[in-house]
Amino acid sequence: MTQPYRILVVDDEPDLEPLILQRMRRQIRAKEYEFVFAGNGVEALEKLNADPTIDMVLSDINMPKMDGLTLLQQLPGVDPNLRAVIISAYGDMDNIRTAMNRGAFDFVTKPIDFDDLKITVSRTLEHLSEWREALASRDQLVALQNELGIASQLQQSILPKQPLSTEAFEVSANMEPARNVGGDFYDYFKLDNEIALVVADVSDKGIPASMFMMSSRTALKGSAIGVRDPQAVLTEVNNQLHQDNPTFMFVTLVYALFNPDTGSLTYSIAGHDPPLLVDAGGTVTELPMTKGVALGIAPDVVYTQETVTLAPGDTVILFTDGVTEAMNPDNQQFEMKRLSEVFEGSPPVSASEANTAVFERVREFAGDAPQSDDITCLVLRRS
Amino acid sequence: MQFSHDRSGDTLVVNASGRVDGSNASDFLDTLQGLFEPGDQKIILDLSGLEYISSAGLRVLLMAAQNLDKQGKSFSICSLTESVGDVFRISGFDQIINVFPSVEAAK
């Protein structure tokens, strides 16, 4: 029997404690989680210093005596491997920016959506467990091969596991990692009444690249909560990543915000292939490119965005170059042309079917040729 | 990867051909930087024979460009094939690194 994860919740609202104990009762009863509570930063630090078994901190920002941002700053002094999730308000980019600079791992919004909180907590803890394994292996001076194995587990640990579909839309995503190279990730999350979608490709491999991937994901989620427009989100993420990037890593991505009520999809592209749109009649078009550069390499880049409206039955395909650059034994690439052909005249009836079709076609095309890059595809279909 | 180079005055033209991806990107950077001499003021990388460049390859080009920039030297690339040109255009690297249609134009 493994020990339950111990989570310190820091908030001056007395209502939160009974609410968490009630909504997380299943996880508590199953001895997956144990909760400890503190009413402000000072109390939190006292509890952390007295109890080294705490794994993660979930903290509000505004509190008396010591606020959440100051607490964040103090956490590495207590234990550098603690992971912190910050509870913030929509549109509070200044505080979110500070929290990111101080090492926050993830964000949830106020008022707390408990489904979202459960997802965020479980993903943070999964990441933490992979991270500890990575540290333990590093201490044992493992070979490079093993380091890549760990990097790949860290990569897997940040992918969303829970489906996010409703009657109005379906999202389906998959990533097939290459054996030795890997930098792709995808993400999707609820943002108020909208759905945020991300497909990304980090420039390198190994543990440093998975760290950069983690920072990219955190910066994106934080900025998505902090500012609304996708173009403003990418501007924010770019500056965030560029600030501290001595090794010139970068990430290319598509970030899109979908409104299930109106069908509107607003997206911004950072140095990435534009998504494909398959309409209900099976006509395939490339969505218009937006202005921008891969994230992290240059300061003050201007990003622009485009908006399209999805009609019922329309499908949008986001992918990485692992799809279009997949090679067959004759050294030909799969290319955009073949990706379009998957759907030309045969509009998908569901997002998951579309996703499966992409991977099947790529696999069929590649045959025995080795897979040289991660292959990622995320499909959104309006019902 | 194959390299050849040609120096005239303070201008160094390096011709790199083949493929750059995660498996050889750091060798690519080492070889490239090994060719630089202190007197070189202008470095032009002719990529007419480059068949493929991955993001790891773009990253090392960026490192080379930034290193040279810090030393007050100029770095540009030229003669991109269509597919490599697409990679530069889509990633936005053509806005970060100087790209020219030919060696002559880069001089």
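General remarks:
- If you sort the three axes of the alpha carbon gyration tensor as a ≥ b ≥ c, you get a/c under 1.5 for the stretch B:2-106, which makes it rounded.
- Packing-based ranking, highest mean first, of A:314-324, A:154-164 given that Cβ atoms within 10 Å are counted: A:314-324, A:154-164
- Whole-Hz Karplus values for the stretch B:28-42 come out as 4, 5, 4, 4, 4, 5, x, 7, 5, 10, x, x, 5, 9, 10 Hz, taken residue by residue from phi with 6.51 cos²θ - 1.76 cosθ + 1.60 and θ = phi - 60°; glycine and proline positions read x.
- Relative contact order of the stretch A:274-329, pairs being alpha-carbon contacts under 8 Å that are 6 or more residues apart, as %: 41 percent
- Magnitude of the charge dipole, the stretch A:177-260, Cβ model with Lys/Arg +1 and Asp/Glu -1, debye to 20: 200 debye
- Degrees, to the nearest 10: A:144-157 long Cα axis against longest axis of chain A: 80 degrees
- Extension gain, A:Q243 back to A:N62 (0.36 nm per residue minus Cα-Cα distance, nm): 62.6 nm
- Average beta carbon contacts from partner chains per residue of A:289-298, 10 Å cutoff: 4
- Shielding by partners, peptide B:89-98 (average Cβ within 10 angstrom, other chains): 6
- Taken over the stretch A:5-118, the convex hull of the Cα atoms encloses 92 Å³ per residue.
- Computed magnitude of the charge dipole of the stretch A:160-382 (debye, nearest 20; Cβ of K, R +1, Cβ of D, E -1): 420 debye
- Between the stretch A:154-188 and the stretch B:1-62, the alpha-carbon centres lie 35 Å apart.
- Per-residue average of Cβ from other chains inside 10 Å of B:46-57: 3
- Overall form of the stretch A:55-173 per C-alpha gyration tensor (a/c, 1.5; a/b vs b/c): oblate
- Along its principal axes, the protein assembly as shown has C-alpha extents of 74, 58, 41 angstrom, given from the largest down.
- Straight Cα distances below 18 angstrom link A:K190 to the aspartates and glutamates A:D92, A:D106, A:D113, A:D115, A:D116, A:E167, A:E170, A:D229, A:D261, with same-chain residues fewer than 8 positions distant left out.
- Two numbers describe the Cα atoms of the stretch A:49-99: Rg and Dmax, which are 11.4, 35 Å.
- The C-alpha atoms of chain A define a longest principal axis, and helix A:230-243 lies at about 60 degrees to it.
- Sequence-distant residues sharing a close amide H with B:G49 (under 5 Å, placed H): B:A16
- Charge dipole of the stretch A:12-149 (Cα centre as origin; +1 on each Lys and Arg Cβ, -1 on each Asp and Glu Cβ, all else neutral): 220 debye, rounded to the nearest 20.
- In the stretch A:160-382, the ratio of gyration radius to Kirkwood radius, Rg to Rh, stands at 0.95 when only Cα atoms are counted.
- Centroid-to-centroid, using Cα positions, the stretch A:319-358 and the stretch A:194-253 are 26 Å apart.
Computed from the coordinates by the stated procedures, all read-outs in this text should not be read as laboratory data. Only a predicted model underlies this, so the values are computations on that prediction, with no experimental measurement involved. Heads up, the Cβs are rebuilt from the backbone with ideal geometry, glycines too, and the neighbour counts pull from every protein chain shown.
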